[in-house]
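Just so it is clear, none of the values below were taken in a lab; they were calculated from the coordinates. What you see is a predicted model; the values in this text were computed from it and never measured. Here Cβ is always computed from backbone atoms with ideal geometry, including for glycine, and neighbour counts include all displayed protein chains.
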Amino acid sequence: MRYPQTIAVTVQNAMLKCAGFTAVLLIADYLVPSLYGGSWWRSLAPILVTAGVLTAIGALADLVIVPRLGNLRSLLLGWPAMAAIIWAVPQAWPRTRMTVLAAVLLAAGAAPLEAALHRYVGVNLFGWRR
């Protein structure tokens, strides 16, 4: 791995993860208004913090776990961790109604994004074939 390329791919991966996770969580909050607190301004903080935690952990895990396990096994390992983070982070806000089932479904909704970004990192950093 070349260092400048690693930095560039990791930053781009993190930006795409953050945008994707934020979009998934905002759509879920729009479809189920009481999920993150009801009004958009009450929902924004838990959504952004959850997306930030998922992005930080996911970007680091993509550099460590994806090259060792590949895309599918990384997804299977990361899915319960994503669900746990999606459930745990909003518990810090009193008006959120995040349930375990909702977190599991949201993690499943984010799985295609994760699969695509694992592929992106694998092709651009670890020499996977296109």
Label corresponding to P(r) over Cα pairs in 10 Å bins from 0, in percent when calculated from the structure given, among (1) 13, 45, 27, 12, 2; (2) 12, 31, 34, 21, 2; (3) 10, 23, 18, 13, 12, 14, 8, 2, 0: (1)
Run the dipole for the stretch 3-125 about the Cα centre, Lys and Arg Cβ at +1, Asp and Glu Cβ at -1, nothing else charged, and hand back the magnitude in debye, nearest 20. 100 debye
State the extension gain, in nm to one decimal, for the chain segment bounded by Leu76 and Ala108, taking 0.36 nm per residue of separation less the distance between their alpha-carbons. 10.5 nm
Stretched out fully, how many nm does the piece from Ala84 to Arg42 gain, at 0.36 nm a residue minus the Cα gap? 13.0 nm
Which of these, Trp87, Trp79, Trp40, has the largest mean-square fluctuation under a Gaussian network model of the chain (Cα springs below 10 Å)? Trp40
Round to a whole angstrom and tell me the spacing of the C-alpha centers of the stretch 91-110 and the stretch 57-87. 18 Å
With 0.36 nm assigned to each residue of separation and the Cα-Cα distance removed, Gln12 to Trp93 gains 26.2 nm
Within-14-Å neighbourhood charge of Ala59 [Cβ basis; K, R +1; D, E -1]: -1
